[in-house]
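Down below is the structure, laid out as structure tokens.
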Amino acid sequence: MSDSPDGSSRGPRQHLVEVGVAAFMAMLGIIAVIGSLQVGIGWGAEGPKSGFFPFWIGLIVVASSLYNLVRAYSHGSRKLFASWFELTQVLKVVVPLTIYVGVIPWTGIYLASALLIAGFMRWIGRYGWLLTLTISIALPVLTYATFEMWFLVPLPKGPIEELLGL
């Protein structure tokens, strides 16, 4: 299944994507309802228990998601949502960003950001090493100066920042 860069080939249909999103949202609503039931949804001496409002919000999410699921499946558009080529282009951004967010607790935001910027500049932008290294080092330094020094807002730090005493 090779797709052409012009995006004119096969891919998932719009109604199936809408059904998938509705099912996912219904699952999140069910999780909220179950969690609310575990902490209590009743009314105590001090007022509503901590699960009262999340329970009702969860029920509304489940009901509206089930409605959307049925509507999307029965009346949804059968047009192409996106070609497989277009979806792989989106994944080229989503996967590295997901990894970036996942490694921040261990590397700190500055090292993770430098690696993300360098990776995108070389892989997608195809920039040279000098420009890539300059920008991928300068932007985290500028971010550090802006947030940590000027605004006094600490951002997550990793082992490199600890070694440098930042």
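The values are calculated or read from the model by the stated rules, or taken from the named source; none is laboratory data. Computed from a prediction, not measured in an experiment: that's the story for all the values here. Here the Cβ positions follow ideal geometry from the backbone for every residue, glycine too, while neighbour counts run over all protein chains shown. Quick note on the areas: whole protein, heavy atoms, side chains included, nothing else; ligands and nucleic acids left out. Shrake-Rupley method; radii C 1.70, N 1.55, O 1.52, S 1.80 Å.
Hey, how many Å between the Cα centroid of region 10-85 and the Cα centroid of region 121-166? So the two Cα centres are separated by 39 Å.
Computed over protein heavy atoms with a 1.4 Å probe, the carbon and sulfur contribution to the accessible area of the chain reaches 74%.
Annotation: lysines with alpha-carbon distance below 28 angstrom to LYS79 (same-chain offsets under eight excluded): LYS92. Amide H neighbours of LYS157 under 5 Å, counting only residues 5+ apart in sequence or on other chains, H built in-plane at 1.01 Å? Under 5 Å from the amide H of LYS157: ILE109. Relative to the current alpha-carbon distance between LEU152 and LEU97, full extension at 0.36 nm per residue lengthens the span by 17.2 nm. A simple rule links phi to the HN-Hα coupling: the Karplus curve 6.51 cos²θ - 1.76 cosθ + 1.60 with θ = phi - 60°, which for region 12-29 gives x, 7, 4, 5, 6, 5, 5, 5, x, 5, 5, 5, 5, 5, 4, 4, 4, x Hz, with x for Gly and Pro.
The protection proxy used here, the mean number of other Cβ atoms lying within 10 Å of each residue, ranks peptides 114-122, 91-99 as follows, highest first: 114-122, 91-99.
With θ taken as phi - 60° and the Karplus curve 6.51 cos²θ - 1.76 cosθ + 1.60 applied, the whole-hertz 3J(HN,Hα) list for region 43-48 is 10, x, 4, 8, x, x Hz, x standing for glycine and proline. The charge dipole of region 1-149, taken about its Cα centre with unit charges on the Cβ atoms of Lys, Arg (+1), Asp and Glu (-1) only, comes to about 380 debye.
Dividing the convex hull volume of the alpha carbon atoms of the chain by its residue count gives 201 Å³ per residue. Taking packing as the residue-averaged number of other Cβ atoms within 10 angstrom, the listed peptides 123-132, 39-48 run from highest to lowest as 123-132, 39-48. In plain terms, the chain from ILE137 to TYR67 could stretch by 20.3 nm, reckoned as 0.36 nm per residue minus the Cα-Cα distance.
For the chain, the per residue solvent-accessible surface stands at 69 Å², with DNA, RNA and ligands left out and a 1.4 Å probe. For region 76-164, rounded, prolate or oblate, judged on the Cα gyration tensor with a ≥ b ≥ c (square roots of eigenvalues), a/c < 1.5 rounded, else prolate if a/b > b/c? Cα axes put region 76-164 in the prolate bin.
Between the residues LEU28, TYR67, TYR144, the greatest Cα displacement towards the positive end of the dipole of the chain, with unit charges on the Cβ of Lys, Arg, Asp and Glu, is found for TYR67. Per residue, the chain reaches -22500 deg cm²/dmol at 222 nm when only DSSP H runs of four or more residues are counted, each adding -39500 (n - 2.57).
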